[in-house]
Every structure is written in structure tokens, then in C-alpha cells.
Amino acid sequence: MVHQAYRYALDLTPTQERAVLSHCGAARVAYNWALAGVKANLDQRTAERTYGIGEDQLTPSLNWSLAGLRRAWNATKDEAAAWWPENSKESYNTGLDNLARALKNWNDSRSGKRVGRKVGFPRFKSKHRSALSVRFTTGTIRIEPDRHHVTLARLGTLKTHESTRKLARRIETGTARILSATVRFEGGRWFVAFTCEVQRSETKPADPAVTVGVDLGISHLAVCSRPVPGVTDEQGSVGNPEHLRKAQKKLRRWSGTVSRRQGPGKRTGQKASNRWKRANRRRNRIHHRVTNLRRDGIHKLTAGLAAHIGTVVVEDLGVSGMLANRK
């Protein structure tokens, strides 16, 4: 059993899009409300320590877990957001869960339990810059029999841009079970991603005894120590598709259009014009397409290697540090 996500683009009506935006906004409100309470509690305890108050006499600390934040929200949601019945409870749970994870990562990073780059204290989410996302873990989460619609709690039946038959067939045969569904805005359109528990049969590569080393290429996407049929060329190299270079012409055009229009000003508080927003969305769609093409190429490369080779060896390098070198 493995956990796997199935993601589909959505074709929402204007009414459905307003409902989804309302749910995403509710998640942001719950996140900011809980973060304000946690921050006020930490500041109060810090101030009391400067007054010489003992640790046992400090203001009790808040519970940062999802269960603790949820109890606090349910106790005061009528005062904090009187309009809360308009959205699913899952929207508020999304914001509280995101904050609980962020606080845990910050605390683990500060105490040394989390390796890697230091994690900063969570910041408040902006209405204009935060990612639009809401996650459903309970209630109605269903793939419709026509394989072109999905049903989520409070949002109703939503049309998908593509067929859901791959996931629907697994659900019908009992080899997959939906755990959650996340609706997210990305690259100018809405997507729904189903996190599923999938039962997969164990497959063996075509050449289980073969070992191949993969090196990060400079003029190539990757260079293998030996040719892999259907994956590399005769020299064992995988060409660089250069998706960004091919998109530079369109990016230059739309970046120039964006720069000529009235954009937002952080220092002056100037609001962006509608024409700037439209041009910026068009530019973002180009970047999103390049990202998808890159992700697709890497996925095909890794899937091809896994299907043919028994052992794949990859050198562990600080790629981001290497890219910082101008040479």
C-alpha cells in the first residue's frame, strides 16, 4: 500500500469559483486568527519573564497542536467570524492545520530536532499574496460515475477538465481509497488533488542486475554511465529540452506589457490596475507551463530508469551551491 495523489484540472462556473474562493479565504482567516493568539501568548510570557516572574507563575502557554487550536477556535468562532456557517468546517480546519504544522517545524528547527535550513516563525497570510488552497478530509468526497465530475462537501458537484477514469477504475476494483481532497489555484486555473491509499503490485525492472550511475549534466539534462534503451541516446546522455529558453520570447513580451502597466506598490500602497492583473496572469501561465514541462521531463526520465535498471546511483551534490557560481 502506497500513498499517491491524483490531480485533475477543474472547469468551475462563476458561482462555484466564488464558493471555492470563500472557502480559501475562511482558511486564511482561521490561520491568521490562531497565529495572532499564539503570538500574543508568546509575547506576554516573554514580557513577564523580563519582570522577574517565575516560570511556574507565567501565563499558561497555548496548545499548538491541531486539536488544541481547533478547541480554541470552536470556543470563540462566533465572535471571531460570525459568518463561519457559510463555509465548510474543513476550510477552517485547513488553516489551523497549516499553522500547527508551521509552528511544529519552527519549534523543531529551533530545538535542533529538524535538520536542514532554519525555519522561521510563521507569518500572517496576505489576502493578495497567499496561496489559495482548501483541504477536505471528511464529508462527501466522491468521483462521479460519469468520470467527468467530482463531488466535495458544501461545494457540490464540480466538473473536471479531463477524465477521472484512472482513479475511478481503481476505486471500483477496490485497489484505491480516497483519504483527502485538496482544491488549489495554480497557474491561472483550479485543480483538485485526491490523496489516495493505493494497492500496487510489485514490479521488477527489465534488467535487475544492471547498475547505472546518473550525473547531473551541464549541457544535458542528465548523463548516465551506460546507455539505457528508450531513455538515453547511444552515449548515455539525455538532452536538455530547454523549455525556459523556448518560452523566453513570450516571457519578454508579457513582462514588458506588465512593466508598462500600473502595478502594486509596497511602499506607496498603490493598487494594481485590472489591466496589470490580466497581463500578470498571462505571464504566470507561461511560467506555470514551463514548470509543468520540466516536471514531466524529469518524471519520464526517472520512470524510464526505474523500469529498466535494477540499481540507480546518483551523486549527492549541492546543486544550488554549484549554480551560484557564475562559471
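The values are calculated or read from the model by the stated rules, or taken from the named source; none is laboratory data. As the structure is a computational prediction, the values presented were derived from the model and not from experiment. All Cβ positions, even for glycine, are placed from backbone atoms using ideal geometry, and neighbour counts span all protein chains on display.
Annotations
- If the condition is being of a type in the set (Lys, Arg) and farther than 16 Å from residue 188 by Cβ, then the stretch 240-274 contributes 245, 246, 249, 252, 253, 260, 261, 266, 267, 271.
- Look at the stretch 1-20: where a residue is within 25 Å of residue 295 (Cα to Cα) and a partner is of a type in the set (A, V, I, L, M), sitting 6+ places away or on another chain with Cβ atoms under 6 Å, you get 2/198; 4/198; 5/193; 6/167; 7/193; 8/192; 10/158; 10/192.
- Exactly one residue out of 68, 25 is part of a helix (DSSP H, G or I), free of Cβ contacts under 8 Å to residues at least 40 places away in the same chain and surrounded by 14 or more Cβ atoms within 10 Å (Cβ to Cβ), and it is 68.
- Residue list for the stretch 265-314, filter: of a type in the set (Lys, Arg), in a loop (DSSP other than H, G, I, E, B) and within 25 Å of residue 251 (Cβ to Cβ): 266, 271
- Candidate set: the stretch 1-22, residues that are outside any helix (DSSP H, G or I) and aliphatic (A, V, I, L, M); chosen: the one nearest to residue 166 (Cα to Cα): 5
- Residue match in the stretch 154-162 (condition: in contact with a Gly (Cβ under 8 Å, 6 or more places away or on another chain) and either under 30 Å from residue 102 (Cα atoms) or at pLDDT 95 or above (or both)): yes
- Of everything listed in (1) over 30 Å from residue 226 (Cβ atoms); (2) outside any loop (DSSP other than H, G, I, E, B); (3) at pLDDT below 95, the single unmet condition for residue 256 is (3).
- Residues that are within 14 Å of residue 129 (Cβ to Cβ) and in contact (Cβ under 8 Å) with a residue 12 or more places away in the chain, drawn from the stretch 265-280: 280
- Test result for residue 52, surrounded by fewer than 18 Cβ atoms within 10 Å (Cβ to Cβ), outside any loop (DSSP other than H, G, I, E, B) and not charged (D, E, K, R): no
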